[in-house]
Structure formats: structure tokens, C-alpha cells
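Notes follow the structure.
Just so it is clear, none of the values below were taken in a lab; they were calculated from the coordinates. Since we're looking at a predicted model, the values are computed, not measured. Quick reminder, even Gly has a Cβ in these numbers, built from the backbone with ideal geometry, and neighbours come from all protein chains shown.
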Amino acid sequence: MAAIRPELEAVTEQIIRRSERTRRDYLDRLEHARHDGPVRRELSCTNLAHAFAAAPAGDKDALKGLQRPDVAIVSAYNDMLSAHQPLERFPALIKQAVRDAGATAQFAGGVPAMCDGITQGQPGMELSLFSRDVIAMATAVALSHNTFDAGLCLGVCDKIVPGLLIGALHFGHLPFVFVPAGPMPSGIPNEEKARVRQQYAAGEVGRDALLESEARSYHSPGTCTFYGTANSNQMLMEVMGLHMPGAAFVNPNTPLRDALTVSAAQRVVDLVDGGDAYTPVGRVVDERAIVNAVVGLLATGGSTNHTMHLVAIAAAAGIRLTWDDFDALSRVVPLLARVYPSGSADVNQFHDAGGMGFVVRELLDAGLLHEDVLTVAGSGGLRRYAEAPVLADGRAFWAPAVAESADDSVLRPASEPFSADGGLRVLDGNLGRAVIKVSAVAEEHRVVEAPARVFDDQAQVLEAFRAGQLDGDLVAVVRFQGPRANGMPELHKLTPELGVLQKRGYKVALVTDGRMSGASGKVPAAIHVTPECVSGGALAKVRDGDVVRVDAGNGRLDALVDEGEWAAREPATAPVAAQHGMGRELFAALRGVASGAEDGARTFAMGEEEADG
């Protein structure tokens, strides 16, 4: 076992000290729930009969006998979204695998799964971020019958996996294994897709050409193959020890994918309370696992959305994670992967080059991951995740990950990284705090000082671009886009247009209290600015023509305005937002209680202390 880097140890110790009370309270609640349930043995006959009324005869006998474990299946299946369509086949595989392991499995409930790729720039995107906490609540509803000994969470995409995990952590006394579906096979090269998008934004090709390009990219069942939030989720489940090792990026509807699903189903039976391998999810997700997650995110150039999701996941386990932790770790964690948009390769090429097993081994050997952690894979700690699955006789087995990358333009060892740091920075200044991802941003674009153009939504930016009003150096300020304002929609639709301006030779940056895509790219974007404008954030003071400086190198975000004038300036009034239509009115309560971006943009309390305060 390699010695842990002192910088990693220092951040971990800070998190432990900061979280001492809330983590202790969480673990106390976990133990209390463990001793209280499941309550099948105490259910009235009427209650119990309801619980197994629809079960097949053999399962019904097992459930009636109260001696065998019962596993909950919670799934994000729907057949509209490519990432989740393969999950249709999983329950039947799981139920039989669990029977073979001497237990039963029941489909406990489904959770909603929406696609940010479909809702980009549409009113439905204003539901997207809060769908995470809705999914957590739906997971709780699925598990609320209190008849289960363990759970399997089936999901892939942006808010789905964080929501499932937050929900599972509120049943932290139970073991859970997360079961992915895998990425679709590769379509057209990502560089070609980006080129056509920019051509369309510049008016060089029409809608037909753009649609054909997109359809050749997103073309079959499976997750989108770029490295956005969905695939970052799968990386996180590996490095946190919640998948079967190497499960993240195996394509759907293949024999190995099915074998991994069967293996996960049988493994969760081994983890139930009462046996030697009891592994509750609330103890798997501890301070060291959270640090490992941040390290994995940084080392692979993962999604900026996880600067919120990981904070919320940690909070669900009583752990206080801050943006300063991300920043400190980013300074010592090397970038080992270049996957689109940080490179031209997709996740299939990343997987073929060595994938997660290679990354985990390299980080472990460099002292940049905690090895002595609890995982669903059992003994061996995180070292088990330095292995790759192989198929033999229809079953999944594991072998050591490849010793060398098969493609060093995609994946490199820790001794020869793409960069010495993880490419994520926290910015601070008179505009507030923000995060910026620079792993895909060229050095010459990492500092932008230019006049501001201020907008209240992304549609205004696009209109100004089409009218030719944005030619020249600029910082596009898009305000009133935070969680409480309108649910914090992604502003990914701006990426091609801002990229066109950058390609024309202008200095361009985006500053917003909203989100960019998890696939933030070549244009520097200071995002998640907090406090958000409707909560008194200084971004609401910026006016057209103010010079704004975005400095990723020095971690600064400032309006270069005379201090006296700045202090006296009144913030702009929020525009009247359309909070009706597309179900937005149903989310008013969530908008009203949402925390700031740096606190995870969450709608649930961390514990009794926070709920009272």
C-alpha cells in the first residue's frame, strides 16, 4: 500500500474535523435504523400479505417464511432515453440471480429520469437540477415499506445517480450496489460533431446537416459517449466502491454487461446484515470515499456539476465538503485522461485504453487515493478496483488492469500526466465565489479581461450573437440563473456560439450564477457564482461595459469598478420569471428552500441541527 500524499491526508483530516458532529449524528441514526428494521417479522399478517401478494409462488413462499433476504430494485428505466432503455432487461436478470443466491428481489419502485440533452435551452431544463432531490425522495418512497434487507440502484445519467445515492444514504443501514447500463458504441468522432455545431452556429450549414450529425452521434441504446455528468457519475461509483469493479463503461446488451449485472445482484445478497460481510452504504460513503470521489473527478477531467452533486451526496451522509477541498486537491491531483470535451476521444476509447482499472491503480500507487476503504467488492479495499472484468463461461471474473495505456493520447500514467493538476479552480472576488474548469481551456484563454455584456437569460445571448452584436472581446454575464431564481438550468446551448467568437480571435468568457453542461469545454466559464443574484449576489451589480476579469491562474473573479461606485451601486431587479408551464409551478417549494450552489443546491437538511437552524 502506497503512502498517502500529505496534501490528501490534510484535506481528509480537515473534512473529518469539520464533519465531526454531523457525521456522528448520521452514524447514530444509521445504527438506530439498523436495530429497528427491516420489520417484516413484526408486520401484521395483513401488512405482510400485501408485501408479497403479487410475488411468484416460489418467491412468495420465501417471503412468507421470513428467513431469506429481500432485495429492493430501484430503477430509472424508461425507453425514451438511450442511457436508461437497456435497464428494461435488468429486473428479470436480477430476480433470477438473487434467487440463485438464496434470496428474493422485488421491483420496489421507479424514479424519474430526464435528459439534459433534450431539455437544453427549453423550459423543462428548469426542472433538471431539482429532479435530483425528487429522485432521492422517490427512492425513499420505494424503500419506505421497510421490508428490504438490501438494494440495487439502476441508473446512469446526470441527476439520477446522485439522486439515487442521496436516497439510499437516507437508508444508510442497508447495503446497496449501483448497477449501470454502459455507454452506447461510438458514433461519429466528437471533433466532427463539435465542428458541425459551430458551422451551424455560424450559419454555414443548415438544420438538416446539424440533425444528421447529431443523429450519427446519439444513435443507439446506451449512455452518450462524451465525458459529461452521466459518465462522470459512473466513474464516481467505481472510485467510491459502489459498483462491481470495472462495471462503468462496458457496452449495454453484451454478455459481459449481463454477467456484471448478475454479479452485482448476487453480491448484494452477501452484504446483508447478519453475515460476515455486512456492508451498509452509509459506512461505504465516508470521508475517505468522498475525497476519493473528488480525486477521481479531477484526475479524469469530470463534470463541473459534481461540485454541487458531491457536496449534496456528502451532506446526505453527514459530511461537510466544500469548494476549498476541491481547489486544494486539484493542485496536487494530475490529469490522467483526455476525453471529450477535454480531448477528442470518447469513453469507449478511454475504456479500451485501460479505463477505470488503470486510473485507480495509477492513483493508488501515487498515494492519491485512500486504499483502506470499505467497498461492495469486499476485502482488498479500493485495490480491487484496479482490476478489469473479463467473461469466462458466461460469468464475470476479474484480472489486473493493463500495465500500460493502450493509447497515451487518451490515458496516461501518473508519472507522465497531461497536466500536473486537475484543472478545476475556485474563483473569488468582488463578484462572489465560482468554479471554473480549465482542463479543456488553452493556457492563452485562462485569463480574460474584457467589457461585460449583461443578459438575463441565454436566449438574449443567442439573439445578440445572431444580430452580430457580440463581435469583439467580451465577458458574457448571464444572471438570475441560480437555484432559487429558476432552478439553475444549464446554459450549454451557448457553447457553440461562444466557441465561434473565440475561434474568430476574440477574448471570450462566460460568468453566470447558473450552470454550464457537465461537458464544459474550451471557453472559460466562471459558473455557479454564489451568492446567486436573487440572494443578494454581487453579479446583479454588473452593467454593460464594466470591465470584468476572469483569472483562472490566480483564482480571481472581479468587476474592475471603482470601489466607491461599486459599494454604492444598486443591484438589478430580477426579471419576472415564467414559473408556470412545463410543470415549473410544481417546483416552487423546492426553489424557495434551495441552498446555494456551494452548499450543493440541495433542498434537504443535513441533520437535526441544520433543520432546527
A chain fully extended from residue 42 to residue 392 at 0.36 nm per residue, minus the present Cα-Cα distance, gains in nm 121.7 nm
With r as the distance between the Cβ atoms of residue 372 and residue 28 and R0 = 25 Å, compute the FRET efficiency 1/(1 + (r/R0)^6) and round to 0.05.
0.60
In nanometres, the difference between 0.36 nm per residue of separation and the alpha-carbon distance of residue 344 and residue 544 is 68.4 nm
Based on C-alpha coordinates, I'd like the Rg and Dmax of the range 386-497, in Å.
21.5, 64
Kirkwood hydrodynamic radius, the range 319-418, all distinct C-alpha pairs: what's the number in Å?
14.8
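Would you order 45, 157, 115 from fewest to most other beta-carbon atoms within 10 Å of each residue's own beta-carbon?
Ranked by crowding around the Cβ, least crowded first: 45, 115, 157.
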Label-reachable residues, the range 460-489, where backbone N falls under 19 Å from a point 7 Å from residue 209's Cα toward its Cβ
466
May I have the extent of the alpha carbons of the range 9-148 along their three principal axes, as whole Å values ordered from largest to smallest?
49, 43, 29
Per the 1/(1 + (r/R0)^6) rule, R0 = 25 Å and r from the Cβ atoms of residue 192 and residue 415, FRET efficiency to 0.05 is 0.15
Leading residue at positive end of dipole, the chain (Cβ point charges), from 170, 309, 435
170
Using the basic label-point model (7 angstrom from Cα toward the beta carbon), what is the residue 7 to residue 61 distance in nanometres?
6.1
With θ taken as phi - 60° and the coefficients 6.51, -1.76 and 1.60, list the Karplus ³J(HN,Hα) couplings across the range 451-461 in order, rounded to whole Hz; mark glycine and proline as x.
x, 7, 10, 9, 9, 9, 6, 6, 4, 5, 5
Based on other C-beta atoms within 10 Å, arrange 303, 19 from fewest to most.
19, 303
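Packing-wise, with mean Cβ within 10 Å as the measure, how do 220-232, 379-391, 341-353, 401-413 rank, highest first? Let's see the in-between values first.
On the way: 220-232: 25.2, 379-391: 19.5, 341-353: 23.2, 401-413: 17.3.
Per-residue Cβ counts within 10 Å, averaged per peptide and sorted highest first, yield 220-232, 341-353, 379-391, 401-413.
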Take the Cα atoms of the chain, find their three principal axes, and give me the spread along each one in whole Å, biggest first.
74, 54, 52
What's the extension gain from residue 17 to residue 586 if we count 0.36 nm per residue and subtract their Cα-Cα distance?
201.0 nm
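Beta carbons within 10 angstrom, averaged per residue: use that to sort the peptides 164-170, 463-469, highest first.
In decreasing order of mean packing, 164-170, 463-469 become 164-170, 463-469.
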Using the basic label-point model (7 angstrom from Cα toward the beta carbon), what is the residue 469 to residue 50 distance in nanometres?
5.9
Debye log10 I(q)/I(0) for the range 266-323, one point scatterer per Cα, at q = 0.16, 0.17 Å⁻¹
-0.59, -0.64
For the range 424-577, max minus min Cα coordinate along each principal axis, in Å, sorted largest first?
37, 32, 27
